[in-house]
Amino acid sequence: MDFLRPASWEEALAAKAEHPTAVPIAGGTDVMVEINFDHRRPEYLMDLNRIGDLREWETGADTVRLGASVPYTQIMENLRAELPGLALASHTVASPQIRNRGGVGGNLGTASPAGDAHPALLASGGEVEVESAARGVRMIPIDEFYLGVKRNAMEQDELIRAVHLPKATGPQQFSKVGTRNAMVIAVCAFGIALHPETKTVRTGIGSAAPTPVRAKEAEAFLAAALEEGGHWESGAPVAPSVAKQFAQLASGACNPIDDVRGSAKYRRHAVGIMARRTLGWVWESYRGDGRTAQGGAQCA
């Protein structure tokens, strides 16, 4: 196994063009596990830690450009107001040591359905900025990024440079079920975001289908119920029957498997429970202040 260590983004793109099978590594929290268990033996590893701008973020009027290697700790400490759902998800990633190293780019590159960032990214919306030496920059909508189990929409010579996410205009929440409270892969996870300016709802489900997915029927149902009941304007409580139907539709969006961490039946049930609970949390926050985007870390 050869080790590549580019000093700049341009050098990284050139190295990836010359060695398309090279596996990028920054935090290494996914790649090194696969190598240590001999599940993966790449011909080349490409260390991106010398490229400083991958660990930087920019906050614009409406969006945040998040470098691929910005550590989860930095998201938690600095972007809680702008990206509350992702900040909450970051709290559930492994341990403090891993949160200091790992970033969203690693989750996206690995494209594991169990990645903690995916539900929050799907609920928020946004685009993944990728680049190759041959074709330049390409923006991939997050809804089009996940193609299959650990497969994404990137070409072999492309690298992830950043993620562009809209700043939250309403409350967001995240919940995760694991076999313990830390250092655990999600049995399943759920993210939800209210978008009051468009009167829409977005969700994200992790570890309950071959890819991270949205519960689109549940989103449409809830948005229609909130609109028809005048809830966006009044902030009136969501009826239990609406919350129950939303949960059932969210559960129906799953296509899980049985494995050592949980059964398919349990995952469907747990997603429904998380959908109902997180809906309650975000709506209570919205009722208190329709522009509130903050929340407390929630783990199921």
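The values are calculated or read from the model by the stated rules, or taken from the named source; none is laboratory data. Remember, it's a predicted structure, so these values are computed and weren't measured experimentally. Using ideal geometry, Cβ is built from the backbone for each residue, glycine included, and neighbour counts are taken over all protein chains shown. Surface areas here come from the heavy atoms of the whole protein model, side chains and all, with no ligands, DNA or RNA. Shrake-Rupley method; radii C 1.70, N 1.55, O 1.52, S 1.80 Å.
Can you spot a residue in region 103-126 that is outside any loop (DSSP other than H, G, I, E, B), at pLDDT 95 or above and of a type in the set (D, E, K, R)?
No, region 103-126 has no match at all.
Give the residue, chosen from ALA239, ALA224, that is farther than 26 Å from LYS167 by Cβ and modelled with pLDDT of 95 or more. Break it down into steps so the answer makes sense when it comes.
Working: ALA224 fails: farther than 26 Å from LYS167 by Cβ.
Every option except ALA239 fails the conditions.
What is the number of the single condition among (1) of a type in the set (D, E, K, R); (2) outside the structural domain of GLY280 (by TED's automatic domain parsing); (3) within 18 Å of ARG276 (Cβ to Cβ) that GLU158 does not meet?
Condition (3) is where GLU158 drops out.
Could you figure out which of (1) within 17 Å of the chain's Cα centre (by Cα); (2) farther than 17 Å from ALA186 by Cβ; (3) modelled with pLDDT under 95; (4) assigned to a helix (DSSP H, G or I) isn't true of GLN97?
(1)
When you scan region 223-242, do you find a residue that is within 23 Å of LEU83 (Cα to Cα), part of a loop (DSSP other than H, G, I, E, B) and of a type outside the set (A, V, I, L, M, F, W, C), even just one?
Within region 223-242, one or more residues are within 23 Å of LEU83 (Cα to Cα), part of a loop (DSSP other than H, G, I, E, B) and of a type outside the set (A, V, I, L, M, F, W, C).
Condition test on ASN100, is it crowded, with 21+ Cβ neighbours inside 10 Å, of a type in the set (S, T, N, Q) and at negative phi?
no
Which residue, of GLY126, GLY109, is open to solvent by 10 Å² or more (accessible area, probe 1.4 Å), on the phi > 0 side of the Ramachandran plot and not assigned by TED's automatic domain parsing to the domain that holds MET274? Break it down into steps so the answer makes sense when it comes.
Values: GLY109 fails: on the phi > 0 side of the Ramachandran plot.
Of GLY126, GLY109, the one residue that is open to solvent by 10 Å² or more (accessible area, probe 1.4 Å), on the phi > 0 side of the Ramachandran plot and not assigned by TED's automatic domain parsing to the domain that holds MET274 is GLY126.
Would you tally the residues in region 67-94 being polar (S, T, N, Q) and not in a loop (DSSP other than H, G, I, E, B)?
Going residue by residue through region 67-94, those that are polar (S, T, N, Q) are 69, 73-74, 78, 90, 92.
Subset that is not in a loop (DSSP other than H, G, I, E, B): 73-74, 78, 90.
Matching residues across region 67-94 total 4.
Between residues in region 5-32 that are buried (at least 19 other Cβ atoms within 10 Å of the Cβ) and residues that are among the small types (Gly, Ala, Ser) and part of a strand (DSSP E or B), which pairs lie under 8 Å by C-beta distance while being six or more apart or on different chains?
LEU13/SER132; LYS16/SER132; ALA26/GLY103; GLY27/GLY103
Please work out which residue is nearest to LYS167 (Cα to Cα), limiting yourself to region 261-300 and to residues that are hydrophobic (A, V, I, L, M, F, W, C) and at pLDDT below 95. Break it down into steps so the answer makes sense when it comes.
Step one: of region 261-300, the residues hydrophobic (A, V, I, L, M, F, W, C) are 264, 270-271, 273-275, 279, 281-283, 293, 297, 299-300.
Remaining after also requiring at pLDDT below 95: 293, 297, 299-300.
Working: ALA293: 9, ALA297: 19, CYS299: 23, ALA300: 26 Å.
Among those that are hydrophobic (A, V, I, L, M, F, W, C) and at pLDDT below 95, it is ALA293.
Identify, by number, the condition in (1) out of contact with any Leu (no Cβ under 6 Å at 6 or more places or on another chain); (2) buried (at least 22 other Cβ atoms within 10 Å of the Cβ); (3) farther than 17 Å from VAL130 by Cβ that VAL64 doesn't meet.
(1)
Name the single residue, out of those in region 36-54 being in contact (Cβ under 8 Å) with a residue 24 or more places away in the chain and in a helix (DSSP H, G or I), that is least open to solvent (accessible area, probe 1.4 Å).
Checking each candidate, the answer is LEU54.
What number of residues in region 188-229 are open to solvent by 20 Å² or more (accessible area, probe 1.4 Å) and aromatic (Phe, Trp, Tyr)?
1
Looking at the structure I just gave you, is LEU121 under 17 Å from THR211 (Cβ atoms) and touching a helix residue (DSSP H, G or I) at 6+ places or on another chain (Cβ under 6 Å)? Write out each step before concluding.
Values: under 17 Å from THR211 (Cβ atoms): yes; touching a helix residue (DSSP H, G or I) at 6+ places or on another chain (Cβ under 6 Å): yes.
Answer is yes for this residue.
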